1. Using a 1.4 angstrom probe on heavy atoms only, work out the carbon and sulfur share of the accessible area of the stretch 365-463 in %.
2. For the stretch 170-281, with the dipole built from +1 on Lys and Arg beta-carbon atoms and -1 on Asp and Glu ones, taken about the Cα centre, which of Leu229, Ala200, Ser277 lies farthest toward the positive end?
3. What net charge is computed for the residues neighbouring Lys222, neighbours being all others with C-beta under 14 Å from the C-beta of Lys222, Lys and Arg scored +1, Asp and Glu -1?
4. Just to confirm my numbers, what's the Cα centroid distance between the stretch 141-163 and the stretch 31-103 in Å?
5. Any idea how far apart Ser152 and Arg201 come out in nm if each label point goes 7 Å out from Cα toward Cβ?
6. For the chain, list the DSSP H helices whose alpha carbon atoms reach 18 Å or more along the long axis and whose average Kyte-Doolittle value is 0.0 or above?
7. Using the heavy atoms of the protein chains alone and a 1.4 angstrom probe, what is the accessible area of the chain per residue in square angstrom?
8. What distance in nm lies between label points placed 7 Å from Cα along the C-beta direction at Lys38 and Asp409?
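The values are calculated or read from the model by the stated rules, or taken from the named source; none is laboratory data. Fair warning: this is a prediction, and the values are worked out from it, not measured in the lab. Methodologically, a virtual Cβ is constructed for each residue, glycine included, from the backbone with ideal geometry; neighbour enumeration extends over all protein chains shown. Heavy atoms of the whole protein, side chains included, go into the accessibility calculation; ligands, DNA and RNA do not. Shrake-Rupley method; radii C 1.70, N 1.55, O 1.52, S 1.80 Å.
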Amino acid sequence: MKIAFANPGLPTTGIVCVGVLAGRKLTESAKSLDKQLKGAIARAVKVGRFEGNCGQSVSIPAPGGSKLDVVLVVGLGDAKSLDALALQDLGGRIYSAVSMSGSATVSICVDAVRGCKLGAGDMAAEVAFGARLCSYRFDKYRTKEDAKAKPSIRTLTCRGAETAKARRVFASHDMVADGVAFTRDLVSEPANILYPETLAREARKLSKLGVKVEVLNGAQLKKLGMGALLGVAQGSIREPRVVVMQWNGAARKPGKGKDGPVAFIGKGVTFDTGGISIKPAGGMEDMKWDMGGSGVVIGLMKALAGRKAKVNAVGVVGLVENMPGGNAQRPGDIVTSMSGQTIEVLNTDAEGRLVLADVLHYCNERFKPRLMVDLATLTGAIIICLGDEKAGLFSNNDELAKAISSAGDSVAEIVRRMPLGEEYDKMLKSEAADMKNISGGRGAGSITAAQFLQRFVGDTPWAHLDIAGVTWSKKDAPTVPKGGTGFGVRLLDRMVADFYEGK
Ligand code: BES
Ligand code: MN
Ligand code: ZN
């Protein structure tokens, strides 16, 4: 779908969308279209239950005396609650309402509204961003789909004042949407197509945007001593990979510690059977998106480079397939991580933490980053805690935790902070090695997993996002169609923009 911005004015063909504020108060565009259509809009908003509330809409097909396909009247609610998120949702709702209509073009009239904090240019950019996020579809394998089941809208035009501003703001949003779409694509790909080698190949594509991409193969990981990651990988015929992505967009080259880059680390289990501690058959197909954390890191790096963020950032993802097999690791095996700490693997299905242990340590040692944020579809237990609405946040640093929470609130990717503590750390004590990879008890599964990771981050400010509940969605939302959500890309892009860019 092409997205365009044009000066204020009413189109004469296609679908036109105009807004009405709470209390059935017509915007300027709605008023002038109403005049052209001899009062059709005023009548339509009076006869039914439409009051102009946010989320409401009413459509007038083929209005008499015009060549328009449909007039879509959308409720804007109260001007003062019309913020960026509300406008993105509105854009998504408009796209959903018209995408399957059969029409090829939709024009959205975006009027400045008194009492709304955003000007017309910003408003148009947010509406367009929401529509773009909503228009995502993963349909590459549907070869027999009927044309009538496919979206018909080819061009979406936002008409309003401040088009230059709208284009400038949208250009940056568009790069974030590219990142989100890339993550959604990666998460949606099945595991016969996307495995460590091919996922690394996808990450390599970021070099076109100026990201420095290195791919480490199995032999190199062995040399580095990544025994924890390699233990997980050894049951699969697919060789593991670690991908290192560097975007240096700040004025100064990255240093170490406080001057170091911001680092993002992702769990990339391209399929998680559980290994020898094998999972039940029902629902196992979901484990194709067990590389969701790495997908977010790759999409995020794409967004940051795409919008030329003034920040030094590194992304490191650990890519493995967790399979049972003749060479698979067994419960009871003891592996030596790159940090030197030994781990008794009591459950081969608690594999994400083993992968992250080595990747976190490697990232910390090599880059001395100012902070590390890891993302992982780490535990089923976080779904028991928070459902599919919020991600779990664990951190050893209050400032970083606040930055993440606040960025999440700004983009409607909500996180909930969870506790860490010595009392939980103790639960990882092993009789045979420095630690075991599961607590063995029934409680606090997400916390003990986070506790395990913390043993590999040293004193570096660190946060862990358990995204098992939010990576895949079973229901459509205005800006997030069901399927891979891309949760985390917008959040961390925003965290960088609000707290670490140009600093
Ligand atoms: N990838 C899973 C966690 C998961 C579950 C993600 C459901 C998305 C949806 C992870 O590797 C796993 O298997 N975790 C185990 C840990 C347990 C063995 C301690 C779990 O949560 O059951
Ligand atoms: Mn697992
Ligand atoms: Zn897993």
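1. Of the solvent-accessible surface of the stretch 365-463, carbon and sulfur hold 46 percent.
2. Of the candidates, Leu229 comes out farthest on the positive side.
3. Local net charge: 0.
4. 18 Å
5. According to this spin-label approximation, the distance is 3.8 nm.
6. 84-98, 120-134, 163-188, 292-306, 352-367, 398-411
7. Here the per-residue accessible area is 42 Å².
8. 5.2 nm
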